[in-house]
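S.K.: Let me give you the structure first, and then I'll get to my questions.
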Amino acid sequence: MAFKLLQMVLLVMFLRSYAVAADQNQKAKQTFIVRMDKTSMPSSFNDHSEWYSASLKSVSDAAGVLYTYNNLIHGFSTRLTAKEAESLRKQPGIIALQPEVRYELHTTRTPAFLGLDKNEALLPTPNQVSDVIVGVFDTGVWPEIRSFDDTGLGPAPSGWKGECQVGTNFNLSNCNNKLIGARFFSNGYEEAYGKIDTSTESKSPRDDDGHGTHTSTTAAGSPVAGADLFGYAFGTARGMATHARIAMYKICWFGGCFSSDILAAMEKAIEDGVHVISMSIGGGISDYSEDVIATAAFNAVAQGILVSCSAGNSGPSPGTLTNVAPWLTTVGAGTLDRDFPTDVSLGNGMSYTGISLYAGKPLPVSQVPLVYARSVSNESYGRMCLIGSLIPAKVAGKIVVCDRGSSARVEKGVVIKKAGGVGMILANTGSYGEELVADAHILPTAAVGQKAGNAIKNYILSVPNPTAIVGNAVTKLGVQPSPVIAAFSSRGPNPLTPEILKPDVIAPGVNILAGWTGAHGPTGLDNDARRVSFNVISGTSMSCPHVSGLAALLKAAHPEWSPAAIKSALMTTAYTVYKNEETIQDVASGKASTPFDYGAGHVNPVAALDPGLVYDTTVADYLDFLCALNYSSSKIKQATNRDFTCDSSKRYSKSDLNYPSFVVPLETASGKGGGIGLSTTIKYTRSLTNVGAPATYKVIVSSQDPSVKIVVEPESLVFDKHDERKSYTVTFIATSMPSGSTSFARLEWSDGTHFVRSPVAFIWT
């Protein structure tokens, strides 16, 4: 009886406490963002602020407006109890009440995406990193932004011999202990284009374009809390090597970048004492002996300077790479796990997700007339929304669907706005697939993939009065799968030397937030009057400085490592699959990518700090490689600026260059007399250097193609000491296949802790 009485007492106490808690929860206030339908404002109100205030007062006498939103959204924020929120939700004109979400302050994403934020204990110390100098070859620098703050940095490293060159709008005071040097090179440019007009372009290291400020701050910018672009990508903007020093070499102008200027800049950079050169530029493909940039880079690498270059933005077609010399570190582009989605809602009830960084006045929530550019133009190329191609009478007040290509994405919006249009849907064509690139458009815009674009265009053709709504974009994190290969990222095979796999690696290059110039708006268009300190742009120009900054980290941690060792560490620790073991996707095709797309894989900087083994390619290795190309002494001199004669008694092979990846060209059936099943045997030699503790490494070969047998000898390598070098051979026995066939495998050395991976690509020619 007593026990039952105790149970009853406890139950009553629980019910009373639950009721008290429920009452407290009802009275507890929470912040809500109240989304309002601007077009639903009653005529009795003079303005929207008055309407917002009256709506709030109808449910709470005590609540006040925290912020009023008139651009990104319409509405206000306020603190309400649960009961008050429920009452307000029932008011006319309310679109939604969104509870406020608490976010941790993060980077603008790439350091977190690369794992740098969770592994700081494994990184080199700030003092170590501050001894490394990254030379950036680009459009100059905008020194006033906070990314160049030198707080906490001491004087420039003792080996620094550079200077801060004075010029138009640029003084000695613009340099500091972060931006320790800045030079400009314009003689070649001025010879081609005439004297620089200093009323429109600074004849100095100052950046009037934005590209150089973006790349330099990506590589080694100081941390800047609260960085964003119009509220998008909010967080702490920081470079890969935040304590490294930056030296800017302005070699690009409004009319382009000239090799004579680039060459002069590279020479000066070597004299100045930089440790890493970052060049997000590229041209056509030419023989190594004809490429003065490759020649300059050869000598930079020979003096211990890593040269990182962008792979190019000519993807997804094969064989579109630039900067393919084996002594260069060539970088392709992948995506982050961050996006800026916006919804497109059609009049038939269908919705599609696009992407945008538009931050101006939004479209009304009601449906807007929708047209396809091809039907509102008299030009054969009207679907592209090129300048002067649209008919204003047919565009005014409407959303226009434009096909991507032939002109800048943001410029299409200018064309529409000039013709009287109110919004744009930018539709990908087959060349771009489902790749979505965010831009700070000047009118409400959603960029959509090819599938969504086709569906929207089909809808327009199927109804007499098509309509649509383009919503407001948001910042979304944790997007999966990520990374994926950017459609624009240039692809292999290597068009000059197929035996060398390029690109070497991929890194984040899509929708990257970094510093920006104060001379132009975020679109770079002359009529864009907006000014920002940070901008979001895409390209292998963005992925290149990521690797440059990571190379600076590795140089700080291992100052004795050669450029080839640093590149090897980045390559052999890169990853090619997601956590579910599926291969990284190619956004252009929607299918699994290959080493011709990603090289060795996506960089993994924390693993690269401790790779175990490296393929340390020497200058002698590169010279032997040129001998394998049948270069004469004069041609080698032209390519390397070195006197060297190939040994006529020595057998040289391109396949024996001590590179961290393998490409195996194989003969086709016709090349063997037409018999399918005939085999080819090719042998490669490689050497590995131990940069860790003594260990025994065993080889693992992964291949799903029975047409190629892979034999590695020996199958284990025993390293008794640090810096010990051991060699192995790989024999490929391949069955003849039709011309154009490709196949892939992976060769991995492991001691159980380290995994030294090399991609293998087979091409039947």
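S.K.: What does the charge add up to near residue 419, with Lys and Arg as +1, Asp and Glu as -1, over the other residues with Cβ less than 10 Å from its Cβ? Kindly include the intermediate steps, with their values, before the conclusion.
M.R.: Working: positive: 394, 398, 417, 418; negative: none.
Residues near residue 419 contribute +4 overall.
S.K.: Here's another thing I want to ask about it. List every DSSP H helix in the chain whose Cα atoms extend 30 Å or more along the helix's own long axis and whose mean Kyte-Doolittle hydropathy is at least 0.0.
M.R.: Span-like helices in the chain: 2-27.
S.K.: With each pseudo-label sitting 7 Å past Cα toward Cβ, what's the residue 200-residue 620 distance in nm, one decimal?
M.R.: The two pseudo-label positions are separated by 5.5 nm.
S.K.: Can you tell me which lysines have their Cα less than 19 Å from the Cα of residue 709? Leave out same-chain residues fewer than eight positions away.
M.R.: 672, 683, 698
S.K.: Ignoring ligands, DNA and RNA, please state the percent of accessible area on the chain from carbon and sulfur, probe 1.4 Å.
M.R.: Answer for the chain is 52 percent, counting heavy atoms of protein chains only.
S.K.: Another one. Take residue 286 and residue 713, extend 7 Å from each Cα along the Cα→Cβ direction, and tell me the distance between the two endpoints in nm.
M.R.: Computed distance between label sites residue 286 and residue 713 equals 4.4 nm.
S.K.: Expressed in nm to one decimal, what extension gain is obtained for the pair residue 53 and residue 753 from 0.36 nm per residue of sequence separation less their Cα-Cα distance?
M.R.: That pair, residue 53 and residue 753, stretches by 245.7 nm at full extension.
S.K.: Once the other residues with Cβ under 11 Å from the Cβ of residue 189 are scored (Lys, Arg +1; Asp, Glu -1), what is the net sum?
M.R.: Once all neighbours under 11 Å are counted, the net charge is -1.
S.K.: Using a Förster distance of 22 Å, how high is the FRET efficiency between residue 461 and residue 387, based on the Cβ-Cβ distance and rounded to 0.05?
M.R.: About 0.30, to the nearest 0.05.
S.K.: How big is the range 223-315 in terms of Cα radius of gyration and Dmax, in angstroms?
M.R.: Over the range 223-315's Cα set, Rg and Dmax evaluate to 16.2, 49 Å.
S.K.: How many nm separate the modelled label positions at residue 191 and residue 348, each set 7 Å beyond the Cα in the direction of the Cβ?
M.R.: Once both label points are built, they end up 6.0 nm from each other.
S.K.: May I pose another question? Run the dipole for the range 521-635 about the Cα centre, Lys and Arg Cβ at +1, Asp and Glu Cβ at -1, nothing else charged, and hand back the magnitude in debye, nearest 20.
M.R.: 300 debye
S.K.: Please list the three semi-axes, largest first and in whole Å, of the ellipsoid equivalent to the range 410-450, using sqrt of 5 times the eigenvalues of its alpha carbon gyration tensor.
M.R.: Semi-axes, largest first: 20, 10, 8 Å.
S.K.: Considering every Cα-Cα pair within the chain, what fraction, in whole percent, is farther apart than 52 Å?
M.R.: 21 percent
S.K.: Provide the percentage of antiparallel DSSP beta bridges, counting only those with both residues in the range 242-362; round to the nearest 5.
M.R.: Bridges in the range 242-362 that DSSP calls antiparallel: roughly 50 percent.
S.K.: By how many nm would the segment from residue 40 to residue 531 lengthen if fully extended, with 0.36 nm per residue of separation less the alpha-carbon distance? Intermediate results must be reported in sequence, preceding the final value.
M.R.: Numbers: separation 491, 0.36 × 491 = 176.76 nm, distance 3.32 nm.
The residue 40-residue 531 span can extend by a further 173.4 nm.
S.K.: Rg and Dmax of the range 445-516, Cα atoms, in Å?
M.R.: Rg then Dmax for the range 445-516, in Å: 18.8, 57.
S.K.: Now a separate question. Would you mind getting the accessible area per residue of the chain, heavy atoms of the protein chains only, 1.4 Å probe, in Å²?
M.R.: 41 Å²
S.K.: Right, something else. When we measure straight from the Cα of residue 502, which lysines land under 18 angstrom away, once same-chain ones fewer than 8 places off are left out?
M.R.: Excluding near neighbours in sequence, the set is 567, 654.
S.K.: Continuing with this model, one more query. Give the accessible area for residue 193 in Å² (nearest 10); use a 1.4 Å probe, count only protein heavy atoms, and leave out ligands, DNA and RNA.
M.R.: 140 Å²
S.K.: Can you give the helix-only mean residue ellipticity at 222 nm for the chain, where every DSSP H stretch with n ≥ 4 adds -39500 (n - 2.57) and the sum goes over all residues, rounded to the nearest 500 deg cm²/dmol?
M.R.: -6500 deg cm²/dmol
S.K.: About the Cα centre of the chain, what is the dipole size in debye to 20, counting +1 per Lys and Arg Cβ and -1 per Asp and Glu Cβ, all else neutral?
M.R.: Dipole of the chain, to the nearest 20 debye: 2000 debye.
S.K.: While we're here: Multiplying the sequence separation of residue 168 and residue 98 by 0.36 nm and subtracting their Cα-Cα distance, what value in nm do you get?
M.R.: Computed gain between residue 168 and residue 98 is 20.2 nm.
S.K.: Another question, if that's okay. Looking at the range 483-613, I'd like the Rg to Rh ratio, where Rg is from alpha-carbon atoms and Rh is Kirkwood's inverse mean 1/r.
M.R.: Looking at the range 483-613, the ratio lands at 1.04.
S.K.: Using only the Cα atoms of the range 420-487, what do you get for the radius of gyration and for Dmax, in Å?
M.R.: Values for the range 420-487 (Cα only, Rg and Dmax): 13.7, 41 Å.
S.K.: Also, quick follow-up: Just the number, please: percent antiparallel of the DSSP beta bridges in the chain, rounded to the nearest 5.
M.R.: DSSP beta bridges in the chain are roughly 65 percent antiparallel.
S.K.: Count charges around residue 469 for me, please; just the other residues with Cβ under 15 Å from its Cβ, Lys/Arg as +1, Asp/Glu as -1.
M.R.: +2
S.K.: Below 17 Å, Cα to Cα, which aspartates and glutamates can residue 361 reach? Residues fewer than 8 away in the same chain don't count.
M.R.: Partners found: 37, 47, 343, 439, 528.
The values are calculated or read from the model by the stated rules, or taken from the named source; none is laboratory data. Only a predicted model underlies this, so the values are computations on that prediction, with no experimental measurement involved. Positions of Cβ are generated from backbone atoms using ideal geometry, with glycine treated the same way; all protein chains shown enter the neighbour counts. Surface accessibility is based on the protein's heavy atoms, side chains included, excluding ligands, DNA and RNA. Shrake-Rupley method; radii C 1.70, N 1.55, O 1.52, S 1.80 Å.
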